[in-house]
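These notes concern the structure reproduced below.
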């Protein structure tokens with residue numbers, strides 16, 4: 001068994017275990033493979049093992065991989081910061097966008113989503129730890145932005161995404177996810193069914209607090225090389 005196959009098996013086992021401990025249905029959590037800075041060959045290897053959902057942070061890098069992997073039935077997610085001059089490309093080449101934190105960006109994505117494609121699935125990024133160096137809206141801003149985005153015709157608002165400040169303690173890891181999950185429930189919108197929570201270091205805590213999409217990179221692909229620029 002290859003290294004990537006072993007890591008894939010281990011991550012899926014961790015997801016199944018955490019889902020079971022949380023008392024949730026077996027298939028209620030989807031693994032999202034974060035493939036930024038990784039090669040198309042690595043993506044193809046994971047695809048052949050059964051992985052179908054992949055996430056990218058850098059637009060140009062992602063487009064190059066999509067062109068190489070055009071014959072693969074991959075669902076592409078964009079999870080990086082969004083510049084206004086990149087919205088047209090993102091709207092045309094991705095099925096999901098997890099990092100919307102401004103109405104202007106949402107409006108551009110809606111206007112530029114090709115009519116032959118289904119509505120673009122959107123998650124609103126919440127800066128749950130209120131870190132100055134991270135993008136995202138506050139919890140207080142969430143209801144208003146959600147209401148506005150929900151009205152845009154070429155988008156489908158699905159839920160929220162969060163990247164809390166790094167915490168080692170498992171019980172403390174759970175708190176920001178719980179807070180955001182409860183805030184979304186208070187919006188009383190059954191369409192908001194997606195919680196893009198959790199990465200390699202806090203997967204269990206995220207699943208315990210309602211994650212439906214866990215974004216895993218290092219635990220699947222190994223350490224990254226950040227020399228790639230967008």
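The values are calculated or read from the model by the stated rules, or taken from the named source; none is laboratory data. Source: prediction; values computed, not measured. When we count neighbours, we look across all protein chains shown, and the Cβ atoms used for this are built from the backbone with ideal geometry, even at glycine.
A few comments on the model shown:
- Boolean, residue 184 is crowded, with 22+ Cβ neighbours inside 10 Å and touching a helix residue (DSSP H, G or I) at 6+ places or on another chain (Cβ under 6 Å): no
- Count of residues meeting criterion [over 16 Å from residue 99 (Cβ atoms), within 19 Å of the chain's Cα centre (by Cα) and not in a helix (DSSP H, G or I)] in region 157-200: 6
- Number of residues in region 39-80 that are modelled with pLDDT under 95 and under 30 Å from residue 102 (Cβ atoms) equals 0.
- Selection count where residues are modelled with pLDDT of 95 or more and farther than 10 Å from residue 164 by Cβ, scope region 117-141: 15
- In region 33-50, residue surrounded by the most Cβ atoms within 10 Å (Cβ to Cβ) [restricted to those that are touching a residue at least 40 places away in the same chain (Cβ under 8 Å) and farther than 17 Å from residue 9 by Cβ]: 35
- When residues of region 111-121 are limited to those that are outside any loop (DSSP other than H, G, I, E, B) and under 19 Å from the mean Cα position of the chain (by Cα), the one surrounded by the most Cβ atoms within 10 Å (Cβ to Cβ): 120
- Residue match in region 212-230 (condition: over 18 Å from residue 80 (Cα atoms), surrounded by 15 or more Cβ atoms within 10 Å (Cβ to Cβ) and in contact with a strand residue (DSSP E or B) (Cβ under 7 Å, 6 or more places away or on another chain)): yes
- For region 70-89, taking the residues that are within 26 Å of residue 46 (Cα to Cα) and part of a loop (DSSP other than H, G, I, E, B), the one that is farthest from the chain's Cα centre (by Cα) is identified as 71.
- Selection status of residue 147, closer than 30 Å to residue 114 by Cα and under 18 Å from the mean Cα position of the chain (by Cα): no
- The residue list 33, 18 contains one member that is closer than 23 Å to residue 198 by Cβ and part of a helix (DSSP H, G or I), which is 18.
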